[in-house]
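Asks: The structure that follows is given in the form of structure tokens.
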Amino acid sequence: MHPRPALALLCSWGLAGALSSCALPLNVSPPSDAGTSSAPASSPGASTGPPPAPALARFYDQRVEWSACGDHECGTVTVPVDYENPAGETLDLALLRVPASGDRRGALVVNPGGPGASGKEYAAAASFVVTDGVRDAYDIVGFDPRGVGESAPVECLADADIDAIVDSDGTPDNAAEIDLVTGLADDFARACGEAEGELLEHLSTGESARDLDIVRAALGQDRLDYLGVSYGTHLGSTYAALFPGRVGRFVLDGPLPARLDAEQVTLGQARGFEDALRRFATHCLRAGDCPLGEQDDDPDSASVDRALERLQTWFQSLDATPLPGRSPERPLTEGAATYAVLMSMYNPAYDWPELQRALADAFAGDGAPLQELLDQRMRRDDKGVYAGNDVEAFFAISCTDRAVSGGAESAKRLAEEWSAEAPTVGRYLAWGNLPCATWPTDVEPPVTGAANAPTILVVATTHDPATPLPWGQELVDELGNATLLVRDGDGHTAYREGSRCIDEAIDAFLLDGTLPENGTTCPTEG
């Protein structure tokens, strides 16, 4: 999950990550099947649950007809817009398959998170997403969830509207600024309601999980094998709660528990990003040429405090005086600068050196490099065109999943409370849920618990900014039958993020059904 563009918390993925013996520091007891085989990889012929309702039979009877699309294969699966009215309107989900490169054992469906990120694009990057061993054994299949990408995309903002949201004041501190940011949020919610109508009412994670079961059937799989990262863990856990008998080998990396409400999610991320920023500041001071302070080979807590205070002061200066950006008509604002910094917490090996250089330029008066970093991460080209519908889809799904009440008064109160615990980002993130406060759809309560499913592998990272470590144990508890694997390190998600120990443990589960001991912790390297 990614920090919101002033009004939002957008989740996406990068090619680098979603995404020996190991210690056991979490003091949790292994479940009875730890270290043993979980459910077999999907195979035809097994009885995995009750048949679908007769009204849904025509959807479950589909098979994907694959055709060439570039270097891969594409197809579609039709699903009902409203599962309570399956005879009504339908929509087509767009799928992409990268066929197994070796002896095929079935399909592994992957989801990159968001909500709002394209599963098709994620599957197309299979060589980065999974190891060669998993590529050999599985077709890697991704689909754009309903409302996303090529699957009936939610489209209710012009590119200039997204710019306005990104550039808006993320920490309004007077009545005029509050009115402006509230107006943007209200206009956004109203525009989506007017543009999308009935579809907007049916974009919950629960409905996407039901779509996922139809995808499973259309792939000819009796059980679903699944890798979900970030928000994709929420989709996976919801599927497991709805269809426990159809769960195959499930890996949920970068856990987002379904039962957290919007305020709990945002506060957890405020803590996670504040921790990540402290670790970035430590890296920056050690590296030298750091705009946040003098070089220090061993910075202490006080040195890191001073570095972040300098960053906070600089953010505040942009509120009154934005910096020149990539074009004269588009300066670098406080909101955009904050978002750019937070978006650079996901992949430290690449992002932190780039961020350090861009901040050095910005502190010297040139905001263009930092603005360019943000544009790259938001997939905005030099002409101001955004690829995909990530922002609209994020809110359309999130606001249907988690209720937000209280509007500006609540955001103002939370901003004050959270600034004590997360002084750099607490205020910014507290204002992030405003569009959901007036979103024109009802909230669908979460579906939780999968104790009757085969054991699920949950993977968390100790210093993950977007899905913080405590959420790993919370998701394990929520599922009721899961094993926790931990990467000790920085950045978002764990698989394919530089830890051989993590990759081998996940591969052993996907390929052989062998679970690690519950609570196993792996170093980032080794």
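Asks: Of all residues being surrounded by fewer than 17 Cβ atoms within 10 Å (Cβ to Cβ) and among the β-branched types (Val, Ile, Thr) in the stretch 77-97, which is nearest to residue 110 (Cα to Cα)? Just the residue, please.
Replies: Only one residue tops the list, namely 78.
Asks: Exactly one condition in (1) at pLDDT 95 or above; (2) more than 28 Å from residue 310 (Cα to Cα); (3) assigned to a helix (DSSP H, G or I) is not met by residue 453; state its number.
Replies: Among (1) at pLDDT 95 or above; (2) more than 28 Å from residue 310 (Cα to Cα); (3) assigned to a helix (DSSP H, G or I), the lone unmet condition for residue 453 is (3).
Asks: Scan the stretch 419-446 for residues that are within 30 Å of residue 206 (Cα to Cα) and among the hydrophobic types (A, V, I, L, M, F, W, C) and jot them down.
Replies: Answer for the stretch 419-446, where residues must be within 30 Å of residue 206 (Cα to Cα) and among the hydrophobic types (A, V, I, L, M, F, W, C): 429, 430, 431, 434, 436, 437, 439, 443.
Asks: Moving on. Please count how many residues of the stretch 344-375 are over 21 Å from residue 498 (Cβ atoms), among the aliphatic types (A, V, I, L, M) and in contact with a strand residue (DSSP E or B) (Cβ under 9 Å, 6 or more places away or on another chain).
Replies: 4
Asks: Here is a further query. Mind checking which residues of the stretch 269-297 are crowded, with 20+ Cβ neighbours inside 10 Å, touching a helix residue (DSSP H, G or I) at 6+ places or on another chain (Cβ under 7 Å) and within 27 Å of residue 241 (Cβ to Cβ)?
Replies: Result: 269, single match.
Asks: I would also like to ask the following. Kindly evaluate residue 217 against the criterion of being closer than 15 Å to residue 64 by Cα and either at pLDDT below 95 or out of contact with any strand residue (DSSP E or B) (no Cβ under 7 Å at 6 or more places or on another chain) (or both).
Replies: Yes: the conditions hold for residue 217.
Asks: Same structure, new question: Counting just the residues of the stretch 385-406 that are surrounded by fewer than 16 Cβ atoms within 10 Å (Cβ to Cβ) and in contact with a helix residue (DSSP H, G or I) (Cβ under 8 Å, 6 or more places away or on another chain), which one comes out nearest to residue 284 (Cα to Cα)?
Replies: Taking the candidates together, the pick is 385.
Asks: Restricting attention to the stretch 470-507, which residues are closer than 14 Å to residue 256 by Cα and either charged (D, E, K, R) or surrounded by fewer than 20 Cβ atoms within 10 Å (Cβ to Cβ) (or both)?
Replies: 470, 473, 474, 477, 478
Asks: Please identify the pairs in which a residue from the stretch 197-220 that is within 19 Å of residue 119 (Cα to Cα) and among the polar types (S, T, N, Q) has its Cβ atom under 6 Å from the Cβ atom of a residue that is at pLDDT below 95 and surrounded by fewer than 22 Cβ atoms within 10 Å (Cβ to Cβ), counting only partners at least 6 apart or on another chain.
Replies: Once the first residue is within 19 Å of residue 119 (Cα to Cα) and among the polar types (S, T, N, Q) and sits in the stretch 197-220, its partners that are at pLDDT below 95 and surrounded by fewer than 22 Cβ atoms within 10 Å (Cβ to Cβ) give 204/444.
Asks: If residue 181 passes every condition in (1) over 21 Å from the mean Cα position of the chain (by Cα); (2) surrounded by fewer than 22 Cβ atoms within 10 Å (Cβ to Cβ) but one, which one does it miss?
Replies: So the condition that residue 181 fails would be (2).
Asks: Next question, about the same structure. Which condition number does residue 466 fail, the rest of (1) surrounded by fewer than 19 Cβ atoms within 10 Å (Cβ to Cβ); (2) closer than 26 Å to residue 349 by Cβ; (3) of a type outside the set (Ser, Thr, Tyr) being met?
Replies: Only one criterion in (1) surrounded by fewer than 19 Cβ atoms within 10 Å (Cβ to Cβ); (2) closer than 26 Å to residue 349 by Cβ; (3) of a type outside the set (Ser, Thr, Tyr) is unmet by residue 466, namely (1).
Asks: Limited to the stretch 214-231, what total is found for residues that are under 11 Å from residue 109 (Cα atoms) and either touching a Cys at 6+ places or on another chain (Cβ under 8 Å) or assigned to a helix (DSSP H, G or I) (or both)?
Replies: 2
Asks: Also: Of the numbered conditions (1) in contact with a helix residue (DSSP H, G or I) (Cβ under 6 Å, 6 or more places away or on another chain); (2) assigned to a helix (DSSP H, G or I), residue 256 fails exactly one; give the number of that condition.
Replies: (2)
Asks: Could I ask something else about it? Taking the condition of being within 21 Å of residue 430 (Cβ to Cβ) and of a type in the set (Ser, Thr, Tyr), how many residues in the stretch 249-303 meet it?
Replies: So the answer is 1.
Asks: In the set 472, 491, 519, which member is over 27 Å from residue 210 (Cα atoms) and under 17 Å from the mean Cα position of the chain (by Cα)?
Replies: 491
Asks: Kindly indicate whether residue 467 is β-branched (Val, Ile, Thr), within 18 Å of the chain's Cα centre (by Cα) and assigned to a loop (DSSP other than H, G, I, E, B).
Replies: yes
Asks: Determine, yes or no, whether residue 460 is farther than 13 Å from residue 250 by Cβ and either small (Gly, Ala, Ser) or in a loop (DSSP other than H, G, I, E, B) (or both).
Replies: yes
Asks: What about residue 277, is it hydrophobic (A, V, I, L, M, F, W, C) and under 17 Å from residue 482 (Cβ atoms)?
Replies: Answer is no for this residue.
Asks: Quick check on residue 101: is it modelled with pLDDT of 50 or more and within 26 Å of residue 132 (Cβ to Cβ)?
Replies: yes
Asks: Take residue 186 and decide whether it is closer than 26 Å to residue 110 by Cβ and surrounded by fewer than 24 Cβ atoms within 10 Å (Cβ to Cβ).
Replies: It is false that residue 186 is closer than 26 Å to residue 110 by Cβ and surrounded by fewer than 24 Cβ atoms within 10 Å (Cβ to Cβ).
Asks: Report yes if residue 256 is of a type in the set (A, V, I, L, M), under 26 Å from residue 508 (Cα atoms) and within 24 Å of the chain's Cα centre (by Cα), otherwise no.
Replies: Here the answer is yes, as residue 256 does meet what is asked.
Asks: Residues being touching a helix residue (DSSP H, G or I) at 6+ places or on another chain (Cβ under 8 Å) and buried (at least 23 other Cβ atoms within 10 Å of the Cβ): count how many of those fall in the stretch 344-354.
Replies: Total satisfying the criteria: 3.
Asks: Taking the condition of being closer than 27 Å to residue 448 by Cβ and in contact with a Ser or Thr (Cβ under 9 Å, 6 or more places away or on another chain), how many residues in the stretch 193-206 meet it?
Replies: Selection size over the stretch 193-206: 7.
Asks: Now, a different point. Say whether the condition of being surrounded by 22 or more Cβ atoms within 10 Å (Cβ to Cβ), part of a helix (DSSP H, G or I) and charged (D, E, K, R) is met by at least one residue in the stretch 167-178.
Replies: Yes, the conditions are met somewhere in the stretch 167-178.
The values are calculated or read from the model by the stated rules, or taken from the named source; none is laboratory data. As the structure is a computational prediction, the values presented were derived from the model and not from experiment. Heads up, the Cβs are rebuilt from the backbone with ideal geometry, glycines too, and the neighbour counts pull from every protein chain shown.
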